[in-house]
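Q: My structure is below; once you've seen it, I'll send some questions.
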Amino acid sequence: MGLPDFQICDNDISTDILESYSTEPVLAIDTETMGLLPQRDRLCTVQLCDSSEHIVVVRLERGTSSAPNLKMLMEAESVEKIFHFARFDVTALKYHLGIQTQPLFCTKIASKLARTYTDRHGLKDLVKELLGAELDKTSQSSDWGAVYELTEAQLQYAANDVRYLIPARDRLIRMLEREERWDVAQRCFEHIPTRVDLDILGYGNIFNHH
């Protein structure tokens, strides 16, 4: 994998990983699914990374509906969970595993609030500008369903999508504080669980006039 510390777990994280990650102030999280509709497309993997780049990929068999250790970690108030486009991942975790993820940081929302000089807020562009790293996204649209047959390229992609979230978060916080937008960013993050509930219930944007 070319990564300093990489593990694969099946259907849940181990107790040892739970204990280790629970001591971290922040964790980077990402998911891979079979598509973009949680009511139709199942959750296939959950990736986690700490500040030391200890990366874990949890492979979820079809039919998995709970992951008690992962749930405990994702709902731990002492650990901030960082996502890029948290709305999607948090929805998948809640719909498929009953996880109420909190507290949250979304690098996509932070980017839109801080990097108003660009409309390029995808993870690839964000990481390239802020951290000078190139992300290979060729495995993004691929079959994640055969979890025990994931390719080296898919595993590398899954790992890299969480590897850079913590340093990106740190850079974005500095930008938001400098531009006096950190407070509104935090309030946006706090709103994500409500937006997730609306998505699961099938509502569109209820804040629109029409």
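The values are calculated or read from the model by the stated rules, or taken from the named source; none is laboratory data. For clarity, every value in this text was computed on a predicted model and none was experimentally measured. All Cβ positions, glycine included, derive from the backbone under ideal geometry; neighbour counts span all protein chains shown. When the accessible area is computed, the model is the full protein with side chains, heavy atoms only, and any ligands, DNA or RNA have been set aside. Shrake-Rupley method; radii C 1.70, N 1.55, O 1.52, S 1.80 Å.
Q: Tell me the helices (runs of 4 or more DSSP H) entirely within the stretch 48-138 that contain at least 2 residues that are under 19 Å from residue 181 (Cβ atoms) and open to solvent by less than 30 Å² (accessible area, probe 1.4 Å).
A: So the answer is 107-114, 123-131.
Q: Every residue in the stretch 1-40 that is crowded, with 16+ Cβ neighbours inside 10 Å, of a type in the set (Asp, Glu) and more than 18 Å from residue 163 (Cα to Cα), please.
A: 12 - this is the single residue of the stretch 1-40 that is crowded, with 16+ Cβ neighbours inside 10 Å, of a type in the set (Asp, Glu) and more than 18 Å from residue 163 (Cα to Cα).
Q: Let me spell it out: the conditions are (1) under 17 Å from the mean Cα position of the chain (by Cα); (2) closer than 29 Å to residue 202 by Cβ; (3) open to solvent by 50 Å² or more (accessible area, probe 1.4 Å), and residue 143 meets all of them except one. Which number is the exception?
A: It is condition (1) that residue 143 fails.
Q: Separate question: For the stretch 160-171, which positions are within 16 Å of the chain's Cα centre (by Cα) and either modelled with pLDDT under 95 or part of a helix (DSSP H, G or I) (or both)?
A: 160, 161, 162, 163, 165, 166, 167, 168, 169, 170, listed by residue number.
Q: How many residues does the stretch 20-43 contain that are of a type outside the set (A, V, I, L, M) and in contact with a Ser or Thr (Cβ under 6 Å, 6 or more places away or on another chain)?
A: 3
Q: Considering only the stretch 155-189, state which residues are out of contact with any Leu (no Cβ under 7 Å at 6 or more places or on another chain) and either at positive phi or free of Cβ contacts under 8 Å to residues at least 40 places away in the same chain (or both).
A: Once the filter is applied, which keeps residues that are out of contact with any Leu (no Cβ under 7 Å at 6 or more places or on another chain) and either at positive phi or free of Cβ contacts under 8 Å to residues at least 40 places away in the same chain (or both), the stretch 155-189 yields 157, 170, 174, 177, 178, 180, 183, 186, 187.
Q: Mind listing whichever residues of the stretch 130-159 are in contact with a helix residue (DSSP H, G or I) (Cβ under 9 Å, 6 or more places away or on another chain) and closer than 18 Å to residue 82 by Cβ?
A: Result: 130, 131, 133, 135.
Each row is one residue, and each column tells you yes or no for (1) under 22 Å from residue 170 (Cα atoms); (2) of a type in the set (S, T, N, Q).
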residue: 13; (1), (2): no, no
residue: 27; (1), (2): yes, no
residue: 35; (1), (2): no, no
residue: 47; (1), (2): yes, yes
residue: 50; (1), (2): yes, no
residue: 53; (1), (2): yes, no
residue: 58; (1), (2): no, no
residue: 72; (1), (2): no, no
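Q: So residue 175 fits all but one of (1) assigned to a helix (DSSP H, G or I); (2) open to solvent by less than 50 Å² (accessible area, probe 1.4 Å); (3) closer than 16 Å to residue 82 by Cα; what number is the exception?
A: (3)
Q: Under 7 Å by Cβ, and 6 or more places apart or on different chains, what pairs join a residue from the stretch 196-210 that is over 9 Å from residue 94 (Cβ atoms) with one that is in a helix (DSSP H, G or I) and of a type in the set (Ser, Thr, Tyr)?
A: 199/91
Q: Something else about it: If only one of 203, 157 is of a type in the set (Ser, Thr, Tyr) and either part of a helix (DSSP H, G or I) or touching a Cys at 6+ places or on another chain (Cβ under 8 Å) (or both), which one is it?
A: One residue alone meets the criteria, 157.
Q: Ok, one more. Can you confirm whether residue 92 is under 14 Å from residue 30 (Cβ atoms), touching a residue at least 12 places away in the same chain (Cβ under 8 Å), out of contact with any helix residue (DSSP H, G or I) (no Cβ under 7 Å at 6 or more places or on another chain) and of a type outside the set (D, E, K, R)?
A: The answer is yes for residue 92.
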